Amino acid sequence: MGKSLTLILAVLVVLALGGAAAIPLTNQPTFCAGCHTIKPAYDSWARSSHKDVTCVDCHVRPGLSGFLQDKVYAGLEDVAITFFGTPTEPHNLQSHVYSSVCLGCHRAILRVAEVSSRDLPSPVKEVGLIMDHRDHMAAFEKRGQGEGCTTCHSRVVHGTPIKGYPIVIPRGHVKLDDQPHTPDLPPDSKLWKTTMADCMRCHDGKQTHEGEVLSNRCETCHLPDKIGGFLF
């Protein structure tokens, strides 16, 4: 009985030491980049504004539950798929980043009701964008459809600026920024669709929130005195 207990304890110690050594290693972006499927995502991350933020900082929620679900379980599942299944093509990868993780660094945005040109790049500044992040986040939570920060900002880390924008934001839909744009991705792939999407994905005059159809009037999202000259 004593020998069995000693063996069990020895195995547990080895596993604990192995886990303690493996966790820091697997937390490194270079470890993630070792998978050919993830390599394109790593390359875009290394060029992005978030290049000093590690993969696990965004993709693993803090706390024991987040660690077990987002890192241990999801990581083992990815390993199993890589070695025993068919890995997803890079342009069809999907990964849900929880808004709570984004707000860990960007919570100040909820205190800003933007009806100004603050921090807005051209040409968005010229069309008088109106954006209240707090209202949108509250609406996303009520709708309960998994929407959040990445609904509008999905390509910030794993994408590149398009149509002359200096930063990665949803593509526009007025003639001011009507530069031809076709993503260098397979048409209708997951990443192609997210790159091509804009605010009209929700404000299409069809989707509803709290029993009301979301308005697709220009003045819903733009200042009337600015948007008029830029319409088709």
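Since every read-out is calculated from the coordinates, none of them should be taken as a lab result. Note that the coordinates shown come from a computational prediction; the quantities given were computed from them, not determined experimentally. All Cβ positions, glycine included, derive from the backbone under ideal geometry; neighbour counts span all protein chains shown.
The table below lists the values:
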quantity: Highest-first arrangement of 76-82, 55-61, where packing means the average Cβ count within 10 Å; calculated: 55-61, 76-82
quantity: Contour minus Cα-Cα distance for residue 216 and residue 49 (0.36 nm per residue); calculated: 57.0 nm
quantity: Cα-projected label distance for residue 198 with residue 35, points at 7 Å along beta-carbon direction, nm; calculated: 3.4
quantity: Distance (nanometres) between label positions extended 7 Å along Cα→Cβ at residue 76 and residue 188; calculated: 3.7
quantity: Dipole of the range 30-114, positive direction: furthest Cα of 81, 59, 49, with charges on the beta-carbon; calculated: 49
quantity: 5 angstrom amide H check on residue 222, placed H, neighbours 5+ away; calculated: 130
quantity: Reduced Cα scattering model of the range 137-232, Debye log10 I(q)/I(0), q = 0.11 Å⁻¹; calculated: -0.38
quantity: Protection-proxy order for peptides 190-200, 137-147, each taking the mean of Cβ atoms within 10 Å per residue, highest first; calculated: 190-200, 137-147
